[in-house]
Structure formats: C-alpha cells, structure tokens
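Here is the structure we will look at, set down as structure tokens.
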Amino acid sequence: MKMIVNELEYEAIIQRIDELVEIVDDNTPKTDKNFIELDFLTDLVVAYEKEHYPVKKPSLADVIKLRMYEMNLTQRSLSEMIGISPSRVSEILSGKSEPTLSIARNVSKKLNIDASIALGM
C-alpha cells in the first residue's frame, strides 16, 4: 500500500475525504466504490498522522487541572480532598514536584484519573 509522503499529498487526501464524507453515510454498502475509497484514504491519513502528528500522553498536572475544572474544584478544595497542603497541590500543578506514590493513588481514586497517568507510567 502506498503511503502519504508529504503535506501536499496529505492535504489533497484530506480534501478528498471531505468530499467522500458528503456522499457516504451509515446506509452506504461496504461494497460501494465511494465507501471503499473513503476507508482506504482514511487508513492512509491515520498512518500519516501517527507518524507526523503523534498525540503525546498528557501530563498528570494537565489531567488534574482538567478534572479540577470539570469538578469545579479549587486548589484548596482539592488539597482537602486528597489530604495534602494547598502549597503541595500548587507544586504538583506547576510541575515543580512529583506526587508521592500515596498522593498519586489518592489523586487516581478521588479524581477518577487512570492509574497509569497518576503514577507517571
């Protein structure tokens, strides 16, 4: 299978995918030529994006900040929830220090954050 080799090809294929998305829907048979073309081009784009635009694993601080926003928590309320001082929360959120294993477990449980992120794996 040919791979996308540059941004020009990538952009052209993205444009063609946009066109095909207007034609193909949930009722399009898998044997339809437009469905087959869309499926093929999508696989090419996914492979290209994995190589050229990799998605990095989020940092624990970023995930905690997001969860704080979602749960409407302040640093003070978070510190009370996980049993550490507000200054320690600030250090973790700024990246100045890493949480201990005990704190990481608490963060994982109380904020429902995947253990692999909380433990830095």
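The values are calculated or read from the model by the stated rules, or taken from the named source; none is laboratory data. Being a predicted model, the structure only gives us computed values, none of them experimental. Virtual Cβ from ideal backbone geometry, glycine too; neighbours counted across all protein chains shown.
Every test in (1) modelled with pLDDT of 95 or more; (2) surrounded by 14 or more Cβ atoms within 10 Å (Cβ to Cβ) is passed by residue 105 save one, and that test is (1). If you check 57, 65 for being touching a residue at least 24 places away in the same chain (Cβ under 8 Å) and assigned to a loop (DSSP other than H, G, I, E, B), only one passes: 57. Scanning region 23-67 for residues that are among the hydrophobic types (A, V, I, L, M, F, W, C) and more than 26 Å from the chain's Cα centre (by Cα) yields 23, 24, 35, 36. State yes or no: is residue 89 more than 24 Å from residue 5 (Cβ to Cβ), in contact with a Pro (Cβ under 7 Å, 6 or more places away or on another chain) and either of a type in the set (Gly, Ala, Ser) or assigned to a helix (DSSP H, G or I) (or both)? In short, no.
In region 89-120, what residues are under 14 Å from residue 63 (Cα atoms) and hydrophobic (A, V, I, L, M, F, W, C)? 89, 92, 93, 104, 107, 111, 113, 115, 117, 118, 119 - these are the residues of region 89-120 that are under 14 Å from residue 63 (Cα atoms) and hydrophobic (A, V, I, L, M, F, W, C).
Residues that are among the β-branched types (Val, Ile, Thr), under 30 Å from residue 111 (Cβ atoms), in a loop (DSSP other than H, G, I, E, B) and free of Cβ contacts under 8 Å to residues at least 40 places away in the same chain do not occur anywhere in region 30-48.
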